[in-house]
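One structure is given below, encoded as structure tokens.
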Amino acid sequence: MAKNIIILGTAFPFRGGLAVYNERLAKAFQEEGNNVNIQTFKLQYPGFLFPGKTQYADWQAPSHLDIDASVNSINPLNWIKIGKKIKKLKPDILIIKYWLPFMAPCFGTIARIARKNKHTKVIAILDNIIPHEKRIGDKSFSKYFSKSVDAFIGMSESVLNDLNIFDKNKPRLFCPHPLYDNFGEKIDREVAIEKLKLDSEYKHILFFGLIRDYKGLDLLIKAFADERFRNKKIKLIVAGEFYSDQEKYTALINELNIAEHIELHNRFIPDPEVGIYFGAADIIAQPYKSATQSGVTQIGYHFEKPMLVTNVGGLAEIIPDNKVGYVVEPEPSAIAEKLLDFFENNRTDYFAKNIVQEKKKYEWATMTNTIYELYKTLSNDANKK
């Protein structure tokens, strides 16, 4: 039976992985015959709190989705208004993608009011419950949010373990991050190289996404300074906007004297260009110092690219070591050794063949079915009372 579903969180006109995720989840639910609405922000972050150049997309709105820009993340009167609105609409399921304690007062208040209709079940999809970059009040905020939710989905086992700090009793299930398959078809390497004005004689390592300190770009730069890379035609592409101090990274590159071997594309990469960067890459590097899961790995799977990840958080759960790529310790020497192994032993075809099989685990239907399962559990529990 078709469900009425509201997704509360980031979507167009905002950009970034959260928007991509919520919009793709809405599409998956729609394709299964459900009625879906997204309640997104009219104000997500106050400008002084936002580290990037802009929060907004510069492309057209998705025509197939019902999106209302209605939520103000810092206005309690707005939270009450939106909570009452959702309470009255009586969706079967209210889905909240939770990634940052800053959003807990907003999301938690809306959910508390909405579920007073005794019909709506609130299910949170947890990117993190404990953030990578910790701030005072994080635990209190996440505790407030967790009390407003009926059930949880963790996209890594490490997140579900962290959830125990705040709640041990409510239903919860593990479901890995689905594929980001909405960036178009694979682009031929030579076409991608030409579009980015790169030298086709070189192989390329890609570091992709918003640049924050916990993502370990400094570890990758130090690894890439290994002299053995200089004897090969290999370049490192860094594609993403700096949300951390860029100067310390450029200073490190200059100190190591490797600037001519790095393609630095310091800007937010819009959705229509994502496939070009992955098309040009031979291997994707994610040298994170801490992590739960990452949407970049799921873009990598979609474009069938070998990946190197560090053994932190939930990354190793989705990248089988020496099968679709490498899992290494977050140390420059370990990162360098495996990247050199990839190029010296020409692992591309072997990894790519395995990726084709491994990526089947990450279909969107797996996520929607997990949500249905939790909803059924919650409904059965309610009927017993």
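Numbers for the structure displayed
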quantity	calculated
Between helix 76-89 and the chain: long-axis angle, C-alpha atoms, 0 to 90°, nearest 10	70
21 Å tail of the calculated P(r), the stretch 185-282, as % of Cα pairs	32
Scattering profile of the stretch 153-236 at q = 0.24 Å⁻¹ [log10 I(q)/I(0), Debye over alpha-carbon scatterers]	-1.18
Rg over Rh, two decimals, the stretch 1-157 (C-alpha only, Kirkwood Rh)	0.94
Mean-position separation - Cα centroids, the stretch 252-320 and the stretch 105-123, in angstrom	36
Percentage relative contact order, the chain, counting C-alpha pairs under 8 Å, at least six apart	14
Along principal axes, Cα extents of the chain, largest first, whole Å	69, 43, 40
Sequence-separation-based contact order of the stretch 189-361, relative, with Cα cut under 8 Å and 6+ spacing, percent	24
Whole-Å semi-axes of the ellipsoid equivalent to the stretch 189-361 (Cα gyration tensor, √5λ, descending)	21, 18, 17
Residues whose placed amide H lies under 5 Å from that of K235, excluding near-sequence neighbours	K203, H204, I205
log10 of Debye I(q)/I(0), alpha-carbon scatterers only, for the stretch 298-385 at 0.10, 0.11, 0.20 Å⁻¹	-0.38, -0.44, -0.92
Residue-averaged 222 nm ellipticity for the chain, from DSSP H runs of 4+ at -39500 (n - 2.57), nearest 500	-11500 deg cm²/dmol
Sorted peptide list for 1-12, 303-314, 224-235, criterion being average Cβ within 10 angstrom, highest first	303-314, 1-12, 224-235
Degrees separating the helix 17-31 axis from the principal Cα axis of the chain, which is the longest one	60
Listed residue (T250, G9, A334) projecting farthest to the positive dipole end of the chain, Cβ model	G9
Tilt relative to the chain, helix 246-255 - C-alpha long axis, 0 to 90 degrees, to 10	20
Relative contact order for the stretch 199-296, counting Cα pairs under 8 Å that sit 6 or more residues apart, in percent	45
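Readers should treat all values here as calculations from the given coordinates under stated rules, not as data from a laboratory. Computed from a prediction, not measured in an experiment: that's the story for all the values here. So basically every Cβ, Gly included, is an ideal-geometry build from the backbone, and we count neighbours across all protein chains shown.
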